[in-house]
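Some notes on the structure that comes next.
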Amino acid sequence: MAADRTRADSLRWMVQGSNTFFAALAALPDDRLDQPTVLAGWTGKHLLAHVAANADALVNLARWARTGEETPMYSSAQQRDADIDAGATRPAAELRAWAMRSAETLHARLAELDEQQWRWQVRTAQGRTVPAEEIPWMRAREVMVHAVDLSAGVGFDDLPADFLAALLDDIAAKRSAAGDGPALTLTATDHRGTWAVSGVGDSIPVISTVAGLTAYLSGRPAPGVTSTGEEPVPELPRWL
């Protein structure tokens, strides 16, 4: 867990993100869920099935922390993708109910964990071993970012500024660890923070608001993001 991101922060952002996501979803007519999203190959139903299945998967990690019995998020990456595809064929009302039910179950299971269980080591779908107190952060990222992906009126600039700064820390670290993208130095116009991304070539200076930088670094549309150097702002693949 990042040194300046606490469990209380993650729990607060998870609740805020859930409220934001489900408010956006409620404003979205059922027929819009059949339309494509900004995520290539996914309709709104795919996105909703993913968010619902993600909560179920994180419930598995909460159970692992509570009982000590290894309970992976998903049986396999292939099964995860198949479940999302199958979920996308379900009626909108069923998907909405599943997403709400799974979110409520996750919140309830996390509320049951004691201090020792919060520190129990679990494994993410990407194979990282983390303490269970990472679970609310993992969920906060999903509901916050995918609330934007719904295209129901929520933008990155509607998300909490402290969450965006923490998310930039997270994405920058993960892109740096991969090391296969362009090297970047991101500077916010409305925040004191600067984020460095290790990668290929000389570092390209990128400037925008914290919200714009987060949209850009997550591989989403980010108008207003500019470079102060000779190289143009490179496109990035989707993250999350």
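The values are calculated or read from the model by the stated rules, or taken from the named source; none is laboratory data. Predicted model, so just to flag it, every value in this text is computed and none were measured. Glycine also receives a Cβ, built like all others from the backbone with ideal geometry; neighbour counts cover every protein chain displayed.
Each residue in the stretch 23-56 was checked for being part of a helix (DSSP H, G or I) and of a type in the set (F, W, Y), and 0 pass. When the stretch 18-28 is filtered for residues that are within 12 Å of R141 (Cα to Cα) and either free of Cβ contacts under 8 Å to residues at least 24 places away in the same chain or out of contact with any Leu (no Cβ under 8 Å at 6 or more places or on another chain) (or both), only S18 remains.
Condition check ((1) of a type in the set (S, T, Y); (2) within 16 Å of G155 (Cα to Cα); (3) outside the structural domain of H146 (by TED's automatic domain parsing); (4) surrounded by fewer than 17 Cβ atoms within 10 Å (Cβ to Cβ)) across all residues:
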residue	(1), (2), (3), (4)
G201	no, no, yes, yes
V206	no, no, yes, no
G212	no, yes, yes, no
Y216	yes, yes, yes, no
R220	no, yes, yes, no
P223	no, yes, yes, yes
P234	no, no, yes, yes
P237	no, no, yes, yes
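Residues in the stretch 186-194 include at least one that is surrounded by 19 or more Cβ atoms within 10 Å (Cβ to Cβ), at pLDDT 95 or above and either more than 25 Å from G127 (Cα to Cα) or among the hydroxyl-bearing types (S, T, Y) (or both).
What about L110, is it in a helix (DSSP H, G or I), of a type in the set (A, V, I, L, M) and in contact with an Asp or Glu (Cβ under 9 Å, 6 or more places away or on another chain)?
Values: in a helix (DSSP H, G or I): yes; of a type in the set (A, V, I, L, M): yes; in contact with an Asp or Glu (Cβ under 9 Å, 6 or more places away or on another chain): no.
When the stated conditions are applied, L110 does not pass them.
Taking the conditions (1) assigned to a helix (DSSP H, G or I); (2) under 22 Å from A166 (Cβ atoms); (3) within 17 Å of the chain's Cα centre (by Cα) in turn, V59 satisfies each one other than (2).
From the list L33, L95, exactly one residue is surrounded by 20 or more Cβ atoms within 10 Å (Cβ to Cβ), of a type in the set (A, V, I, L, M) and touching a Ser or Thr at 6+ places or on another chain (Cβ under 7 Å). Which is it?
Working: L95 fails: touching a Ser or Thr at 6+ places or on another chain (Cβ under 7 Å).
Going through L33, L95 in turn, just one is surrounded by 20 or more Cβ atoms within 10 Å (Cβ to Cβ), of a type in the set (A, V, I, L, M) and touching a Ser or Thr at 6+ places or on another chain (Cβ under 7 Å): L33.
Residues satisfying the criterion are absent from the stretch 117-124 (criterion: at pLDDT 95 or above, at negative phi, within 13 Å of the chain's Cα centre (by Cα) and not acidic (D, E)).
Per the conditions (1) part of a loop (DSSP other than H, G, I, E, B); (2) at pLDDT below 95, the sole criterion not satisfied by Q79 is (1). If you go through the stretch 29-41 and keep only what is touching a residue at least 40 places away in the same chain (Cβ under 8 Å) and under 20 Å from the mean Cα position of the chain (by Cα), you end up with L33, T37, V38, L39, A40.
Taking residues in the stretch 175-189 that are acidic (D, E), and partners anywhere that are outside any helix (DSSP H, G or I), the pairs with Cβ atoms closer than 9 Å and at least 6 places apart or on different chains are D180/G199; D180/V200.
Quick check on the stretch 114-144: of everything there that is of a type in the set (A, V, I, L, M) and surrounded by fewer than 18 Cβ atoms within 10 Å (Cβ to Cβ), which residue is nearest to L39 (Cα to Cα)? Top of the filtered list is A125.
Flag set for G181, criterion: touching a Lys or Arg at 6+ places or on another chain (Cβ under 7 Å) and not hydroxyl-bearing (S, T, Y).
Residue pairs whose Cβ atoms lie under 6 Å apart, separated by 6 or more positions or on different chains, with the first residue in the stretch 217-231 and free of Cβ contacts under 8 Å to residues at least 60 places away in the same chain and the second of a type in the set (S, T, Y) and in a strand (DSSP E or B), are G224/S208; V225/S208.
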